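Below you'll find the structure, written out as structure tokens, and then a few comments.
The values are calculated or read from the model by the stated rules, or taken from the named source; none is laboratory data. Given the structure is predicted, the values throughout are model-derived calculations rather than measurements. Please note: Cβ atoms are built from the backbone with ideal geometry, for glycine as well, and neighbour counts cover all protein chains shown.
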């Protein structure tokens, strides 16, 4: 399905850096954003695991004394 849309020329230039046309550029940008969001969630999960491990280790150390 095709639609005629009005888009700022600068926005079109940005989209065309990612794909051969506006539609392909938008889809590629969406794909990249999803990957970036997933990477951020993965990083956050790893960060939380590290914090939990450090907290547990500190609790064990302090409970000994």
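Residue 20: exposed (fewer than 10 other Cβ atoms within 10 Å of the Cβ) and modelled with pLDDT of 95 or more, yes or no? So residue 20 passes the test.
Residue pairs whose Cβ atoms lie under 7 Å apart, separated by 6 or more positions or on different chains, with the first residue in the stretch 19-45 and closer than 21 Å to residue 8 by Cα and the second at pLDDT below 95 and not in a helix (DSSP H, G or I), are 22/7.
Determine whether residue 4 is free of Cβ contacts under 8 Å to residues at least 40 places away in the same chain and in contact with a helix residue (DSSP H, G or I) (Cβ under 9 Å, 6 or more places away or on another chain).
Numbers: free of Cβ contacts under 8 Å to residues at least 40 places away in the same chain: yes; in contact with a helix residue (DSSP H, G or I) (Cβ under 9 Å, 6 or more places away or on another chain): no.
No; evaluated as a whole, the condition is false for this residue.
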